[in-house]
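Let me begin by presenting the structure, written as C-alpha cells, before commenting on it.
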Amino acid sequence: MSRTRTRTPVADPACVDAVDLARKAAEEIARPGEVGEHLGFDVEGDRVITHYFACLDRAYRGWRWAVTVARAARARHVTVSETVLLPGEGALLPPTWVPWSERLRPGDLGVGDILPAPADDDRLVPGYTSADDECDHQMIWELGLGRARVLSAHGRDLAVRRWYGGDHGPHTPIAYAAPAQCSTCGFYWPLAGSLGHMFGVCANEYAPDDGRVVSADHGCGAHSEAAVPSPATETAPPILDDMGYDLMDEPDELRAGEEGKPGEDEVPPGSVDETASEPFGHS
C-alpha cells in the first residue's frame, strides 16, 4: 500500500513582505477609510499568500479584506491575484440558502405562477390509461382514467389531516359556537368517493366557508336550520307603595247616599236647636 506524502508549502519572503502592495489593492476597490489594520496572512501554496485587513465599514462588521498575492518562479516582483471581502469570526451572514421549492408555502402561488409537481412526488401515483367501453365512465374517472397521476393514499391522508385540523375543521371557535353541525345543513354538499363521509363543500354564500371544503362536524351560524331564539320575558313583581296615597273619585252610589244625610252643621227642618237661646218675653 503506497502512501501519499503532502508537502507543507513554505511562506515566500517576498510575498510576506508585500503588505503595502496588498493594502493598496484593497484600497482601490474599497471606499476611503474602510481598510483597517493588517490582521495576518495565510500561505495558500508555493509563492502564494493571502493578506487580511480589517474592514471598517459599519455595515460589514466582522468582515475582512483578503488580498492574494503571488510571485512567479524565478521572478523578482510580486503581483496581486485577487481582492475580495470575506466574512470573519462573528460576521453578520445571510441565512442559509434554501431552494425555492422548499421555501414555497401554501398561498404563495399567484396569477401566472407555475408550480410543477416533481416526478417522485409521494402524494401522487400513476393513473389508469385505458379501459373498455362497457365500464362505468364515472367510476373510471374517479379511479384516474385519463389522468397520468392520481392522489395516492399518502396524499389523501395528508389532505385529511390538513383539512380536519385546519380552520374548517371541528376544533375552531366558530364550530364550537355553531347551533348544529354542517352534516345536517342543507347547504352542505358531500364530496364524492370515500372522503364524502367526512368532508363536503359549503354552498351558502353568506357563510364564511362558502366554496371551501369543510368537515362534516364543522359548523357556523349560517346553518340552514338555525333559528333566532325568542327572548324570554320575565314578569316583574308588582310594586306596592305603602308610603303614599292616591286621590280617587267616589262611586256614584256612595255619593248619592251621603248627599241625603244631614251634615254636622246642618239642622233638620222641624228640629229644635238646643244651643239656640230664645228671647225672653213674647214674640
Tell me, in nm to one decimal, what length is gained between Arg162 and Val16 on full extension, where the rule is 0.36 nm per residue of separation less the Cα-Cα distance? 46.3 nm
Amide H to amide H, which residues 5 or more places from Phe199 or on other chains are under 5 Å from it, using H placed in the peptide plane? Leu191, Ala216
According to the Cα gyration tensor, what semi-axes, each the square root of 5 times an eigenvalue, does the equivalent ellipsoid of the stretch 71-125 have, listed from largest to smallest in whole Å? 48, 18, 12
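Coordinate-derived values only; no laboratory data. Worth saying up front: this structure is predicted, and the values here are computed from it rather than measured.
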